[in-house]
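One structure below.
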Amino acid sequence: MAEKIGVYVCHCGSNIAQMVDCKNVVDYAATLPNVTVAREYQYMCSDPGQELIKKDIKELGLTRVVVASCSPLMHELTFRRAVEEGGLNQFLFQMANIREQCSWISEKKEMATERAKAIVGAAVKRVAFQEPLEVKKVPVNPNVLIVGGGITGIEAALQIADSGKKVYLVEREPTIGGYMTRFDKTFPTLDCAACILTPKMVNVAQHPNIELLSYSDVTGFSGYVGNFTARIRRRPRYVEEEKCNGCGLCTEKCPISVPSEFDCGLGKRKAIYRPFPQAVPNIPVIDREHCLFFTKGICKVCVKFCPRGAINFDQKEEFLDLEVGAAILATGFDLFDASKVKQYGYGRLPNVITSLEFERFSHASGPTGGKILLKNGQTPASIAILHCIGSRDTNFNEYCSRVCCMYSMKMAHLAHEKTEGKVYEFYIDIRAFGKGYEEFYKRLLSEETVFIRGKAAEVTDVAQTPAEKGRLIVVAEDTLLGIVRRTPVDMVVLSVGLEPRKDAADLARIFSISRSQDGFFLERHPKLAPVSTASDGIFIAGSCQGPKDIPDSVAQGAAAAANVLSLIDRKEVTLEPTVAVIDEESCSGCKICLGLCPYNAITFDETKKVSKVNDALCKGCGVCVAGCPSGAIEQRNFTDAQLLAEVESVCASGK
Amino acid sequence: MEFAYYPGCSLEGMNKAYDQSARLVSKSLGIDLKELNDWNCCGASAYMSIRELRAHLLSARNLAMAEREKKDLAVVCPACYTNLTKTNHYMGEDARLRRTVESALKAANLQYMGTVKVRHLLDVIVSEIGESEVRAKVTKPLSGLKIAPYYGCQFTRPLGDYDDKEFPTMLDTLLKWLGAEPVYFPLKAKCCGGILMTTNESVALPLVRSLLDSATQNGGECIATICPLCHMTLEAYQGDVNKAFSTGFKVPMFYFTQLMGLAFGFNKKELGINQELISSKALLEKHLEVAR
């Protein structure tokens, strides 16, 4: 039986019509074999446009539909739905892109019209070979995995847990809270970071729907949307969480003091410690490297003093397998290593510090009790803050780290308030883009901060004048005046940029997600799907996707939570049937496809000696189809017959 | 380890001692330096900025001849290094330049496929020969000798990627292997004034002065160099600096290869330590001669 094909050419307002002679295309389509009807319409995606299709299917008995309009990314689903509502299988439809691939890229109407005819002709040829496919539905596990317990992960966890869903929150460090726990004040409002963060941390700890897995990481992740299995490694704390009541006696009595990572090495902590007093969970960990029991087999003071018998030196690493329906990665960022830029002398010149070290100095419960101090214990009379360290720099990271201008100005304000000294900002451009940010910049300008437009070339201790002796001299070209300035100061703060986590590549591999060129996780669409990834059911939020400030991170945490809730409340998900299928007869069992599949969707059947595709895991990328040396793999809706029909038609129409 | 050796013009004249000592210590470390036959000027220092294409042609000819001998090029002068590396780099990046250079080379029956690596001798010694072999050659360690390690502006900039561009450490490392004590020298990669000395002394002299200041204030008794021009500038203009600023500098200068030679037990004359303008006799007597 011959197919009855309907062709619909869309004007897209003037987007297509002003470059393509749509009438001409319709007339051409009407002459093609098996075309029963060809029409044009202003907006095919509108309700009346879709109605045209449905009506024709019913009244003219169409068996195939072609719409020539925009990119399938835009409206393929819209038209598939219309076709289905008209009573046909939705895969008996083909979209011809005459906007992005024709009208928008053409300069002459004649050529564009010819090109549109070629594209439509190919779609008509192809659609005749298309087969009805069934969409599979699978149930969704309502539990959610969140990786990373910074402010982003906390926000996402609370949003999801509040809706009654179970959340597993995995945090690598002994406490949740992330970088924000280490900041003093937040810009531009100057409210205290801890005051707004710690209540949320406590909420996480007390929430009945959140299972907090701190001091743990994800080592494996498999399955498909709605049905994932996550393997969690729980590192031993050597303190039993169920027994410990967080009294802190062990920490108080521990005889070993070492530099505290939390304080950037500026303060001390014990060998059994909580990173900071408001840690969540409020349970210490033992640092094996320094604990006397682990290094020398002696001491056990903590065991002696613990009123609950919670210390357990025999604790071992444990692995947990969790079943979840969706995952959010909120793994944050690493700070740029300032010692890489040798000309600023970090690590070589005393009193050159990083911005995070400044935060710890400035923090009321930091190592100096909130005082900004030089190595010699004195208060600096002048401080220079250097912007863009490691950012906007082709030698290191090309991108702007977004937060540094604002946190630098916050530091300038705090430095001036705390030291009453002179504060200089050396900047390339001031990027004050958020709500209230420009106003904060204005405020700083009216305070006594001196803004010098010029990226610092170096920080040197080589004095040229008596006034420079014994001080740090910031050398920079003042680009407003066109002069080189030498500015002697007592302290230099390097505003370091944000980088992807060192192990971002490992995590991306575990979760089968991509990274952008800068190394951060890649979102599905930079504007329209900012927290989704190319892998269904896996979402990203916060600075693991790119540098972000606190408001944006929180917004993304909540956005990812909304995406997850919308997914799991559907209770079931449909899986695209456009997957690869292996013909067992032709499969030679060479296993080449196993190594090619980026989604681990192919397994090998040892008894039959053939490869098999798991439909649920297959994303239909087609790599195995192209790679199979026996031609045994075919992708549904992209069969050889369909593709060849399309190609032949285009080649035949070539002028 | 075999290299085509490109001495460059200054090593044939003013900086002969560098050439002598470089060949000597290389030989003793098993680095076979075969002077590139019929080599020509590298185009330093201003030619590249005035006649860029012709400057590339000069370097390309040297590279092509090294390629014909199937050898990498070992260079001691950072200006030569920079020019040869620039041509190598831009011929790889810029197809149009490559075509032009290739057609010019053809006229001289030469061709260049881009296979030659240009290496500075210091990089070869530190990265390829390495600590244990250098230390094994040290028979008279330079113990107690405090040296300011001076790299100058062109050792890693713009295209050397074997050391930090702004604060290199390779020479420091090598001096330690020789038993010497490299002193803290924050200006180690700063400009010496170089060619400016001939055109604008008022800019160049303070640069030399600040280098000498920093080297001596940090305890340096002498300065080790890797660049013939830096060496000459810092040595020949100490008198002028003293006159202009009423200072009293008499800081001996050594090529790094001369210091290696001393530590390896060669005699001073072989190393050209008798051709210097500022005598190192007293300093060497104080530290080394007693044991000799």
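The values are calculated or read from the model by the stated rules, or taken from the named source; none is laboratory data. Owing to the predicted nature of the structure, the values given are computational and were not obtained by experimental measurement. FYI the Cβ positions are ideal-geometry reconstructions off the backbone, even for glycines, and counts take in every protein chain you see.
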By residue number, the members of region A:447-470 that are within 13 Å of another protein chain (Cβ to nearest Cβ), crowded, with 18+ Cβ neighbours inside 10 Å and part of a strand (DSSP E or B) are A:Ala456, A:Glu458, A:Val459, A:Thr460
Taking region A:306-342, which residues are surrounded by fewer than 17 Cβ atoms within 10 Å (Cβ to Cβ), within 14 Å of chain B (Cβ to nearest Cβ) and more than 25 Å from the chain's Cα centre (by Cα)? A:Ser339, A:Lys340
A:Glu131 - would you say it is free of Cβ contacts under 8 Å to residues at least 24 places away in the same chain, closer than 30 Å to A:Glu646 by Cβ and not in a helix (DSSP H, G or I)? no
So which residues in region A:299-330 are touching a Phe, Trp or Tyr at 6+ places or on another chain (Cβ under 8 Å) and closer than 30 Å to A:Ala156 by Cα? A:Leu322, A:Glu323, A:Val324, A:Gly325, A:Ala326, A:Ala327, A:Ile328, A:Leu329
Strands (runs of 3 or more DSSP E) enclosed by region A:1-83 - at least 3 residues per element that are in contact with a strand residue (DSSP E or B) (Cβ under 8 Å, 6 or more places away or on another chain) and not aliphatic (A, V, I, L, M): A:5-10, A:35-41
Among the candidates B:Ile273, B:Ile226, single out the residue that is of a type in the set (A, V, I, L, M, F, W, C), in contact (Cβ under 8 Å) with a residue 60 or more places away in the chain, touching a Leu at 6+ places or on another chain (Cβ under 6 Å) and away from chain A (no Cβ under 14 Å). B:Ile226
Close pairs from region B:36-64: first within 18 Å of B:Pro228 (Cα to Cα), partner assigned to a loop (DSSP other than H, G, I, E, B) and of a type in the set (D, E, K, R), Cβ under 8 Å, at least 6 apart: none
A careful count of residues in region A:357-370 that are out of contact with any Ser or Thr (no Cβ under 7 Å at 6 or more places or on another chain) and surrounded by fewer than 19 Cβ atoms within 10 Å (Cβ to Cβ) gives 4
From the list A:Ala415, A:Ala381, exactly one residue is more than 32 Å from the chain's Cα centre (by Cα) and either within 14 Å of chain B (Cβ to nearest Cβ) or surrounded by 18 or more Cβ atoms within 10 Å (Cβ to Cβ) (or both). Which is it? A:Ala415
Residues of region B:173-204 being within 14 Å of chain A (Cβ to nearest Cβ) and under 20 Å from B:Lys243 (Cβ atoms), in sequence order, are B:Val203
Taking region B:270-289 as the region of interest, how many residues are in a loop (DSSP other than H, G, I, E, B) and either at negative phi or hydrophobic (A, V, I, L, M, F, W, C) (or both)? 11
Identify all residues within region A:344-356 that are surrounded by 18 or more Cβ atoms within 10 Å (Cβ to Cβ) and either within 14 Å of chain B (Cβ to nearest Cβ) or at positive phi (or both); write none if there are none. A:Tyr344, A:Gly345, A:Tyr346, A:Asn351, A:Val352
Residues within region A:354-393 that are part of a loop (DSSP other than H, G, I, E, B), within 26 Å of A:Arg269 (Cβ to Cβ) and of a type in the set (S, T, N, Q), tallied: 5
Would you be able to tell me the number of residues in region A:471-493 that are over 22 Å from B:Ala189 (Cα atoms) and either within 14 Å of another protein chain (Cβ to nearest Cβ) or under 40 Å from the mean Cα position of the chain (by Cα) (or both)? 7
Looking at (1) buried (at least 21 other Cβ atoms within 10 Å of the Cβ); (2) under 21 Å from the mean Cα position of the chain (by Cα); (3) polar (S, T, N, Q), which one does A:Gln159 not meet, given that it meets all the others? (1)
If you go through A:Ile328, A:Ile272, the only one that is out of contact with any Gly (no Cβ under 6 Å at 6 or more places or on another chain), in the same structural domain as A:Ile176 (by TED's automatic domain parsing) and closer than 19 Å to A:Ser214 by Cα is A:Ile328
If I filter region B:74-97 down to residues being within 19 Å of the chain's Cα centre (by Cα) and not in a helix (DSSP H, G or I), which single residue comes out as farthest from B:Met1 (Cα to Cα)? B:Cys77
